[in-house]
Amino acid sequence: MTRSIPCSISLLVALSIAACGSDNDAAGGSGGSGGQGSSSASSSSGSSAPSSSSSSSSSSSSGGSTSGAGGTDDPNPSGGGGQGGTVDPVGTEGDGDFEIGPDYRDAPEIKRIDGVPQGRTFTFSLSSRESEIFTGHDPTLNDNAKGDFNRRVEVAIPATYVDGTEAPFMVVQDARDRNEIINTINNFVADPNNRFPSVIAIFAASGGGDSYGSERGLEYDTMSDAYQRFVDTELLEAVKNDQAVHAAYPNLKFTSNPDGRASYGCSSGGAAALTMGWFGHDTYRKIVTYAGTFVDQQNPIAPTEAEYPDGAWEYTEGLIRESPPKPLRVFLQVGENDLGSTRDEASHHNWVMANQRVAAVLKEKGYHYRFVYAKGAGHCDGRVIRQTLPDTLRWMWRGYPVD
């Protein structure tokens with residue numbers, strides 16, 4: 001059954017209305033203000049089963065808290081779920097297929113709000129020379145893509161995190177949507193009525209380049225556990241061992257509970273997020289993908305081609321359908337005018353078709369999934385991300401315990 005969902009605004013608007021943007025934004029980047037106009041959404045319910053070279057810096061601020069809303073199943077500007085005392089219990093609310101647009105506006109929670117504690121941020125560089133997995137010299141790389149490189153890493157630790165406790169965290173590919181993610185988490189955890197876990201956000205840049213034969217393609221588009229192993233054995237350790245991070249949080253711990261470990265990405269970063277969940281030995285169960293590159297972008301000479309000759313397009317075919325269900329919670333989004341939207345199936349390069357098919361098979365298999373189709377939107381459209389991000393994170397972390 002299809003139902004309309006009215007747009008509603010959280011109490012947070014009262015504190016942030018002056019900060020909300022109204023300028024139109026073209027498809028693409030995540031910075032700046034969102035488009036004008038009112039938004040509407042419709043949904044159909046889903047299935048019921050459902051060592052580094054360091055140059056660190058830190059900043060902190062403190063202040064009062066803000067008031068927000070509880071969970072909602074509306075991917076319109078967030079805050080329409082009423083005030084709750086806890087994260088919504090895990091259930092099917094918010095699962096399913098949604099359509100939004102073509103007009104968009106920023107959700108208020110993505111803005112930095114005066115008086116909300118900002119936590120601390122740290123930035124450092126991670127050299128490929130210290131990696132055993134992504135060295136910059138993989139034999140499948142193009143000649144012009146080979147070489148040592150430095151990976152920029154930024155870590156945002158919310159003010160509510162207590163050193164020594166096991167922190168839930170989210171790894172963000174390409175370091176996209178940094179400000180929006182940090183602000184949303186800070187605003188959520190500051191609200192005593194909107195209990196949200198103290199999620200640490202880790203923004204990791206790729207090794208550079210794009211598509212076949214690039215370091216970024218090797219890391220994000222390869223159908224294997226390599227990127228997950230890099231994150232768990234190298235990136236997380238580098239975060240804990242960074243001089244500035246260690247000085248501020250000498251007992252920093254990341255949870256080993258897969259329900260407290262999330263991966264977020266746009267484009268090939270979204271494909272990497274799903275691949276971390278799928279091939280990552282049940283270490284990441286929360287997956288956020290915007291305009292995921294579930295197409296055949298894997299290097300044709302990659303060793304994994306023998307088993308997965310269509311790259312991430314395999315997710316749209318038999319890989320998910322023919323495998324036992326995994327305990328994943330998956331968000332997907334695609335724009336009406338996303339990449340390859342007019343290409344045929346044989347191309348294996350139609351992002352709209354790919355995301356629609358992945359959503360359909362997740363529904364068929366009884367996964368907790370949430371699929372947003374954005375009318376009039378392009379690839380990794382900043383307008384869409386700025387409107388939907390707070391409710392995406394709220395839905396993703398539903399049911400996770402909060403101290």
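We did not get these values from a lab; they are worked out from the coordinates using the rules stated. This one's a predicted model, so the numbers in the text were calculated from it and none came from an experiment. Backbone-built Cβ (ideal geometry, glycine too); neighbour counts: all protein chains shown.
A compact table of results
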read-out	value
Pairwise Cα inverse-distance average, inverted: Kirkwood Rh of the stretch 266-399 (Å)	14.9
Amide H within-cut-off set for residue 119, under 5 Å, with H built and near neighbours excluded	61, 159
Cβ-defined net charge surrounding residue 279, 12 Å radius [Lys, Arg +1; Asp, Glu -1]	-2
Table column - 3J(HN,Hα) (Hz), the stretch 360-368, Karplus curve with 6.51, -1.76, 1.60, x for Gly and Pro	5, 6, 4, 4, 4, 8, x, 6, 6
Qualifying lysines (Cα of each under 21 Å from Cα of residue 326; at least 8 residues distant if same chain)	286, 363, 365
Rotationally averaged projected area of the stretch 96-397 (alpha carbon convex hull; nm²)	15.2
Rg(Cα)/(2.2 N^0.38 Å) for the stretch 166-314, N = residue count	1.08
Derived scalar couplings ³J(HN,Hα) [the stretch 383-399; Karplus, 6.51 cos²θ - 1.76 cosθ + 1.60; whole Hz; x for Gly, Pro]	4, 5, 4, 5, 7, 9, 3, x, 6, 4, 5, 4, 5, 4, 9, 4, x
Test item: Cα-centred dipole of the stretch 96-397, Lys/Arg +1 and Asp/Glu -1 on Cβ, debye	1000
Residue 200 long-range amide H proximity, modeled H, under 5 Å	169, 170
Alpha carbon centroid spacing (whole Å) that separates the stretch 142-192 from the stretch 101-141	5
